[in-house]
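Read through the structure below, which is laid out as structure tokens, and then see the notes.
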Amino acid sequence: MKYNFSAIESKWQKKWEDAKVFEAKDDFTMPKFYGLIEFPYPSGAGMHVGHIKAYSGLEVISRKRRMEGYNVLFPIGFDAFGLPTENYAIKTGLHPRIVTNKNIEKFTSQLKRVGFSFDWTRTIDTTDENYYKWTQWIFLKMFENGLAFRDTALVNYCPTCKVVLSNEDSQGGRCDICKSEIIQKSKDVWYLRITKYADKLLEGLKEVDYLPNIKMQQINWIGKSTGAFVNFRLKGIDEQLRIYTTRPDTLFGVTFMVMAPEHPVLEKYKDRITNFADVENYKEECAKKTEFERTQLVKEKTGVKIEGITAVNPITEKEIPIYISDYVMMGYGTGAIMAVPAHDERDYEFAKKFGIDIVEVIKGGDISVAAYTESGEMVNSGFLNGLTDKKTSIEKMISYLEEKGIGEAGVQYKMKEWAFNRQRYWGEPIPIVHCPKCGMVPVPYSELPLRLPDVENFQPGEGGESPLAKIDSFVNCKCPKCNGDAKRETDTMPQWAGSSWYFLRYIDPRNDKEFASAEKLKYWMPVDWYNGGMEHVTRHMIYSRFWYKFLYDLGLVPTSEPYAKRTAQGLILGPDGDKMSKSKGNVVDPNDTVDKYGADVLRVYILFMGDYASAAPWSENSVKGCKRFLERVADLPSIVKGRGITEGMESHFHKTIKKVTTDIEELKFNTAIAQLMTLINKIEEKNSITKDELEIYLKLLSPFAPHLCEEIWEGLGHSDMLAVSSWPSYDEAKTVDSTVEIAVQVNGKVRGTVSLAKNADKDTAFEAIKSDAKIIPFINGKTVVKEIYVPGKIINIVVK
RNA sequence: GCGGGUGUGGCGAAAUUGGCAGACGCGCCAGACUUAGGAUCUGGUGUCCCCGACAUGAAGGUUCGAGUCCUUUCACCCGCACCA
């Protein structure tokens, strides 16, 4: 039967809100559950079904937790600073504040229509000055502790967006926002010293429950490697060329060195370099290449030999040449390497091209053909000769280097410092004043928030200058220290700043004395379960873990890790199987489905369409299937007869309670819903259901289709809401039928089935099948070699 | 190149972890009710040479028994990528 979903849905959305059933209580005696979803960026395009899927998982879990008696915090907010809004503002002339408010309004109404059980009283907006006051506050704490600093360095720069980007925002050599190729540019920028926390970020992964691939991606991103630093003397100059290597054991095989073209030693000794013009040329060629071109593995090695300077292998005392090549990066290690052509493919390729000696120090390969990178016996290596264990050789060499003072053990990380400023308007102003006398001076805490000035021209400057730099009233100020004339920092924080601590603000969103009270933090933290997209694993998650660990070290938060558990949902693809995108025109708007079929149908479909963690294409026909299912549920009240649990239905109900209960915890929503469909098929076959049975059924379905379930629940005479009723429990013993139908195999092939008591013994079982007409022809006249009986599962007779 | 993952009907997918492969849903076929059906209901639906045999990317192996374990191999997806 069709039901009036739009009336039912708006009725219950209002009732829930009026009764405040989804508001988290600050009752610290209750068991708590903090479920977190990634708050959306309120873009002009509105929400798409992917947002709905991302929130539906923890929505179901949160609704279940409330019914299980937990005090649930399931909040929502808006991560509203960012470039798309600013670009839209530039295009239309509307202020980003107005655009943001409009978009937030749109997102809010869309989210409310779906009936999510968010606590709307705790909503936050990162662009609200009462919020970004605390973002600035945490930044100042970092500045005070030496974690925020300025430095001139080669940075990733997007020529289209006209901003400096962090490493994380330019993965694959492309701008994360506009996808254009980024270039390297020398610039004075703000950094957050995230590498100081690299080890803690790595270690912390051991104590949290993240999906394995999430942990793996973070480990990979941090990229810790252990090895040694070694100092090579330059011949005839009082200068050491420092390198990093993971293979100090191969030091006897070093026949040349390579530096990055940007290495500062070149500039320092340019008078000694007789071919400095060639060096300059090569350097220029490299600068022209994009990061992407430069990191292409396939291309041939290039480089220039430095004439006039040579190095000395500190262990063989042999003079060795130095080259520059772009296969050595300034940004990793020390920007210079020792080359062991016999045992490194890149060095081998380079040595072959430039005709450099190749000295074998590990036996096992044929170095006339290729580099040998496996392990083996050490040769031509002095005191290491004869050793076969790589680890021992490395340890021995390191202690030798340390003893002689020519090197020491060391670690390197792939992760770089976090470039933390953007030359844009729509972000948190960095609360720092540049004073000609005092240097960089923090804005006093009492003056926070440092507000964004209200302006009409947001156009970024051509030289990569922030729009704020053009506003004299903002720029010119007094130094908080000496009260002399000074200038404000005009760059703003990157998009990721506000989201690095938002989960803490939800706990105490209106506090104007601190970012959140210690007492409340102690109760609510850590986040019990965080769900979001894989695309945030190496950015937002690492950033926010870093901020949290910093606050932990200051004693401001109660736990060392912010998120106890992290899962990720899969994408919803367009009906054509491609990733949804505006340009392909295959984006599905959740509003259309809500209008046509209702929010409950949308929710059930999104969770039924497949494995929650995998990508699956949208199918309108399958949406209709879910609609039919809910219409059949709407019909159940018409066949209600009697009370209690019907004789033959008991195990079906207990099985269903068990499956739905455990499947939800494992994010297996598709099979939980399938089980509820199976059960309704059985109910319809019988054409009757008792009131108690229906109540159980509604409770189990309610996290998925809450509006319809509440409506039926109310119709059964309940004055309390289903949302705050209790989750049904099951009896394990009753989930199994007393008699089971098990398969009978002969030589492993199924020949029939037999009904047996679930714990019938072997003799009873074989007695039962001997008379079975289907089985007899397969065993008659043959010798029984073996009889296998697994109670409740299978009988197998092996005959010859 | 390194790391991770996935391959099961026409489609989305299940499979108690070694025990009746294809639950549940879509689609499709037939029928019913209808002036009508892209509504609803009922039945059917892996393939084939249909009493039987064959089927979980391919090829071997272990086992009474394999989608599941082992070996080899192919294809696709994701992440990182000249990381020293």
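Taking the alpha-carbon distance from A:Lys396 and a cut-off under 18 Å, which aspartates and glutamates remain once sequence neighbours fewer than 8 residues away in the same chain are dropped?
Straight-distance partners of A:Lys396: A:Asp249, A:Glu377, A:Glu408.
Normalised by the number of residues in chain A, what is the relative contact order in percent for Cα pairs under 8 Å and 6+ residues apart?
Numbers: 1431 pairs, mean separation 115.6, N = 800.
Relative contact order of chain A: 14 percent.
Expressed as a whole number of Å, what is the distance separating the alpha-carbon centroids of the stretch A:316-344 and the stretch A:378-418?
When both Cα centres are located, 16 Å separates them.
Compare the Cα positions of A:Tyr323, A:Gly410, A:Ile673 along the charge dipole of chain A (+1 at Cβ of Lys, Arg; -1 at Cβ of Asp, Glu; about the Cα centre) and return the one farthest towards the positive end.
A:Ile673
Using a cut-off of under 18 Å, list every residue of the stretch A:754-771 whose amide N is near the label point 7 Å from the Cα of A:Val799 along the Cα-to-beta-carbon line.
Of the residues in the stretch A:754-771, A:754, A:765-771 have backbone N under 18 Å from the label point off A:Val799.
Write out the trypsin sites (Lys or Arg not before Pro) in the stretch A:492-556 meeting two conditions: DSSP loop, and at most 10 other Cβ atoms within 10 Å of their Cβ. Walk me through the numbers before you get to the answer.
Details: sites: A:Arg505, A:Arg510, A:Lys513, A:Lys520, A:Lys522, A:Arg539, A:Arg545, A:Lys549; in loops: A:Arg510, A:Lys513, A:Arg539.
Here the sparse-neighbourhood loop sites are A:Arg510, A:Lys513.
Measure up A:Lys187/A:Lys283; A:Lys774/A:Lys800; A:Lys318/A:Lys390 against 20 Å on the Cα-Cα distance and list the ones that go over.
Working: A:Lys187/A:Lys283 18 Å; A:Lys774/A:Lys800 18 Å; A:Lys318/A:Lys390 24 Å.
Correct reply: A:Lys318/A:Lys390.
Where a Cα-Cα gap under 26 Å defines reach, which lysines qualify for A:Lys200, not counting those fewer than 8 residues away within the same chain?
Partners found: A:Lys141, A:Lys215, A:Lys224, A:Lys391, A:Lys414, A:Lys416, A:Lys520, A:Lys522, A:Lys549, A:Lys565.
Using R₀ = 35 Å, calculate the FRET efficiency as 1/(1 + (r/R₀)^6) where r is the Cβ-Cβ separation of A:Glu465 and A:Ala45; round to 0.05. Please list the in-between numbers first.
Details: r = 30 Å, r/R0 = 0.85.
E(calc), rounded to 0.05, equals 0.75.
Please count, across the stretch A:644-738, the pairs of lysine residues with Cα atoms under 15 Å apart that sit 8 or more places apart or on different chains.
Final tally of qualifying lysine pairs is 10.
For the stretch A:34-113, how many pairs of lysine residues have a Cα-Cα distance under 22 Å, where the two are 8 or more positions apart or belong to different chains?
Values: A:Lys53/A:Lys64; A:Lys53/A:Lys106; A:Lys53/A:Lys112; A:Lys64/A:Lys112; A:Lys91/A:Lys102; A:Lys91/A:Lys106; A:Lys102/A:Lys112.
Counting lysine pairs in the stretch A:34-113 gives 7.
Under a cut-off of 13 Å between alpha-carbon atoms, report the aspartates and glutamates in cross-link reach of A:Lys352, not counting same-chain residues fewer than 8 places apart.
Once the sequence-local aspartates and glutamates are set aside, what remains near A:Lys352 is A:Glu300, A:Asp344.
GluC sites (Glu not before Pro), restricted to the stretch A:370-409: which are DSSP loop and have at most 12 other Cβ atoms within 10 Å?
Numbers: sites: A:Glu374, A:Glu377, A:Glu395, A:Glu402, A:Glu403, A:Glu408; in loops: A:Glu374, A:Glu377.
For GluC sites (Glu not before Pro) across the stretch A:370-409 that sit outside H, G, I, E and B with at most 12 neighbouring Cβ atoms in 10 Å, the list reads A:Glu374.
Counting Lys and Arg as +1 and Asp and Glu as -1, each charge on the Cβ, what is the dipole of chain A about the Cα centre in debye, to the nearest 20? Don't jump to the answer; show the numbers that get you there.
Details: 107 positive and 110 negative charges, 221 e Å.
Once rounded to the nearest 20, the dipole reads 1060 debye.
Could you report the accessible area of A:Lys353 in Å², rounded to 10, computed with a 1.4 Å probe on the protein chains as they sit in the structure?
Probe radius 1.4 Å; accessible area of A:Lys353 about 100 Å².
What percentage of the solvent-accessible surface of chain A, computed with a 1.4 Å probe over protein heavy atoms, is contributed by carbon and sulfur atoms? Could you put the intermediate results ahead of the total?
Details: 17400 of 34630 Å².
Carbon and sulfur: 50 percent of the exposed surface of chain A.
Which percent, nearest 5, of DSSP beta bridges in chain A are antiparallel? Display every interim value, and only then the final one.
Values: 66 of 91 bridges.
That works out to approximately 75 percent antiparallel.
Rounded, prolate or oblate: pick one for chain A, where a ≥ b ≥ c are the square roots of the eigenvalues of its C-alpha gyration tensor, a/c under 1.5 means rounded, and failing that, prolate if a/b is larger than b/c, else oblate. Walk me through the numbers on the way to the answer.
On the way: a/c = 2.56, a/b = 1.40, b/c = 1.83.
Here chain A falls in the oblate category.
Determine the dipole magnitude for the stretch A:186-236: charges of +1 sit on the beta-carbon of Lys and Arg, -1 on that of Asp and Glu, nothing else is charged, the reference point is the Cα centre, and the result goes in debye to the nearest 20. Mind dumping the intermediate values first?
Values: 9 positive and 5 negative charges, 78 e Å.
Computed about the Cα centre, the dipole is about 380 debye.
Which distance in Å, rounded to a whole number, links the C-alpha centroids of the stretch A:525-549 and the stretch A:717-734?
If we compute the Cα centre of each part, the gap is 34 Å.
Rounded to the nearest 20 debye, what is the charge dipole size of the stretch A:582-630 about its Cα centre when +1 sits on each Lys and Arg Cβ and -1 on each Asp and Glu Cβ?
Numbers: 7 positive and 6 negative charges, 20 e Å.
With Lys and Arg at +1 and Asp and Glu at -1, about 100 debye.
Using 1/(1 + (r/R0)^6) with R0 = 51 angstrom and r between the beta carbons of A:Lys520 and A:Lys682, what's the FRET efficiency to the nearest 0.05? The partial results should precede the final answer.
Values: r = 47 Å, r/R0 = 0.92.
That pair, A:Lys520 with A:Lys682, gives E of 0.60.
Calculate how large, on average over all directions, the projected area of the Cα convex hull of the stretch A:385-479 is; give the answer in nm² to one decimal.
On the way: hull surface 50.4 nm².
That works out to 12.6 nm².
Spin-label point model (7 Å from Cα, Cβ direction): what's the A:Lys774 to A:Asp151 distance in nm?
Inter-label distance under the simple model: 7.4 nm.
The values are calculated or read from the model by the stated rules, or taken from the named source; none is laboratory data. Note that this is a predicted model, so its numbers are computed, not measured. Virtual Cβ from ideal backbone geometry, glycine too; neighbours counted across all protein chains shown. With ligands, DNA and RNA removed, areas are computed over all heavy atoms of the protein, side chains included. Shrake-Rupley method; radii C 1.70, N 1.55, O 1.52, S 1.80 Å.
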